[in-house]
Each structure stands twice: as structure tokens, then as C-alpha cells.
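Comments concern the structure below.
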Amino acid sequence: MSWEVAVEAFVREHTTARATGFVPEIVLRVAEDVTPLWELTGAPEPPFWAFPWAGGQGVARFVLDNPELVAGKRVFDLACGSGLVGIAAALAGASAVTACDVDEMALVAAGINAAANGVSLTPLVADVLGSTVDAEVVVAGDVFYDKDMAAEVGPFLSRMAAGGAVVLVGDPSRPYLPRERFDLLARYDVPVPRSLEGVTVLSTTVWRAR
């Protein structure tokens, strides 16, 4: 059995397909609890691909409600996790969607989720934060969750915006988003698993980089 086939079987065994709370048009494979799954993966980082994080739900909702932002365009889903935002872009008519993450398991999960929603994503396992990418739109859900990550993500998104890309970011009240570099587009109350956030709803904003 190949590694990818084994990972796909693992994802299917330890997750359940269900409609996403704030984006019911999209079905994702979701885990019940982060800690047991994290222990099973043995990875240094949590399985971000197994949950619909609030920032991603916010951007996905905004993209589906404003398809003209992505229709016919090349979209890059940064730190894609489950692939939720990239799937939303594909459903909204993007000409191509690249789903990028440093976690190979995330790309397998994103592929499963994309297929379940009748779209396709081009997977890319890479750390692109020190460079630029070929995209007309960059989408990122909840990437300012800690200080170190924010210090790397911020300059990348600024470079992409300076190069002419539309850059959309979801932020569920994290402390590290440099708001002075962004314009607020939308605000939502997004349902989230209590096991992840300690609450059942998070105020979530969607921003465009200047």
C-alpha cells in the first residue's frame, strides 16, 4: 500500500463527512476531537486539516457570496488545511485553485474533500512564505494565530498584494493580524467546535490586504 493510499484510509477512518456549519454548501471530513487524532498522527503540529476553522469558514462564506472576486481567476489557498477555502473558490468559478500546505496529510485530506464537493485542487506541499506565487487571488483562513507565523505570513501577503493579487484573509479575533495593512470586508458570527476554541461561536472578520 502506498503512503498516500494509507493516509487516505486513515483520514476516512478517523473523520466523518458533514456539512460545514457556516458554509453548508461544502462537505468536509471532520474529526470529533483534536487531541486523540493528534496523538494518532504523531505529528508535531495539530491536524489542522480535520476541522473547519472559523477564519476559513469566514473566507469561504465571503467567496461564495462574492464569486466575482475569484471567477475565472487563478487562486492560491495558503495553509489550506482541509481545503475549505480553496473548494469555495472552485465552486465560485475559479479557473484553477492551488491548495498549499506544509503538511502532506493536509493535501490528502483536501483532495478527498474536493472530490466530495465535485471540484479539483492542485496540491502543493511547500513553504512559500519566503517567495511569491503565480496567482491572481490569494486566500488564507486563520493564518495569524501566533506571533511567529504572523511574522512570516504578513510579508508574503504584502508582497502578493503589491504585485497585484487580491489577498483575502479570515481572522477569528486572533491578536496578531496587522490590521493597519488590511481593509475590513465582512464580519460574521461563525459556529466552532467548543473543543477547539472553548466557545461555540467566534466573531470572525474577512479582510483584504492593501
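The values are calculated or read from the model by the stated rules, or taken from the named source; none is laboratory data. Note that the coordinates shown come from a computational prediction; the quantities given were computed from them, not determined experimentally. Glycine gets a Cβ as well: all are built from the backbone with ideal geometry, and neighbour counts include every protein chain shown.
One line per residue, one yes/no per condition, for (1) part of a strand (DSSP E or B); (2) farther than 15 Å from Ala110 by Cα; (3) not aliphatic (A, V, I, L, M):
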| site | (1), (2), (3) |
| --- | --- |
| Val7 | no, no, no |
| Phe10 | no, no, yes |
| Phe22 | no, yes, yes |
| Thr35 | no, yes, yes |
| Trp38 | no, yes, yes |
| Glu45 | no, yes, yes |
| Trp49 | no, no, yes |
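Go over the candidates Val128, Val169 one by one and state the one that is part of a loop (DSSP other than H, G, I, E, B), of a type in the set (A, V, I, L, M) and modelled with pLDDT of 95 or more.
Of the residues listed, the single one that is part of a loop (DSSP other than H, G, I, E, B), of a type in the set (A, V, I, L, M) and modelled with pLDDT of 95 or more is Val128.
Given the conditions (1) under 15 Å from Val206 (Cβ atoms); (2) surrounded by fewer than 24 Cβ atoms within 10 Å (Cβ to Cβ); (3) of a type in the set (A, V, I, L, M, F, W, C); (4) at pLDDT below 95, report the number of the one that Phe22 does not fulfil.
Going through (1) under 15 Å from Val206 (Cβ atoms); (2) surrounded by fewer than 24 Cβ atoms within 10 Å (Cβ to Cβ); (3) of a type in the set (A, V, I, L, M, F, W, C); (4) at pLDDT below 95 one by one, Phe22 breaks only (4).
Among the residues in region 154-165, are any under 14 Å from the mean Cα position of the chain (by Cα) and closer than 30 Å to Val7 by Cβ?
Among the residues of region 154-165, not one is under 14 Å from the mean Cα position of the chain (by Cα) and closer than 30 Å to Val7 by Cβ, which makes the answer no.
Please find, among Val190, Val133, Val143, the residue that is under 21 Å from Val63 (Cα atoms), within 17 Å of the chain's Cα centre (by Cα), in contact (Cβ under 8 Å) with a residue 24 or more places away in the chain and in a strand (DSSP E or B).
Val190
Name the single residue, out of those in region 173-195 being modelled with pLDDT under 95 and within 26 Å of Glu32 (Cα to Cα), that is surrounded by the most Cβ atoms within 10 Å (Cβ to Cβ).
Val192
Could you pull out the residue among Pro52, Pro44 that is within 26 Å of Ala150 (Cα to Cα), at pLDDT below 95 and within 17 Å of the chain's Cα centre (by Cα)?
Criteria check complete, one pass: Pro52.
Could you say whether any residue in region 173-184 is over 27 Å from Ala94 (Cα atoms) and in a strand (DSSP E or B)?
no
Please pick out the residue among Arg181, Arg159 that is touching a helix residue (DSSP H, G or I) at 6+ places or on another chain (Cβ under 7 Å), in contact (Cβ under 8 Å) with a residue 24 or more places away in the chain and under 11 Å from Ala209 (Cβ atoms).
Exactly one residue qualifies, and that residue is Arg181.
Any residue at all in region 97-113 that is over 14 Å from the mean Cα position of the chain (by Cα) and free of Cβ contacts under 8 Å to residues at least 40 places away in the same chain?
No - not one qualifying residue is present in region 97-113.
So, of the residues in region 196-210 that are of a type outside the set (Ser, Thr, Tyr) and touching a strand residue (DSSP E or B) at 6+ places or on another chain (Cβ under 9 Å), which turns out to be surrounded by the fewest Cβ atoms within 10 Å (Cβ to Cβ)?
Per the stated criteria, the residue is Arg210.
In region 61-101, what residues are buried (at least 24 other Cβ atoms within 10 Å of the Cβ) and part of a strand (DSSP E or B)?
Val75, Phe76, Asp77, Leu78, Val97, Ala99, Cys100, Asp101
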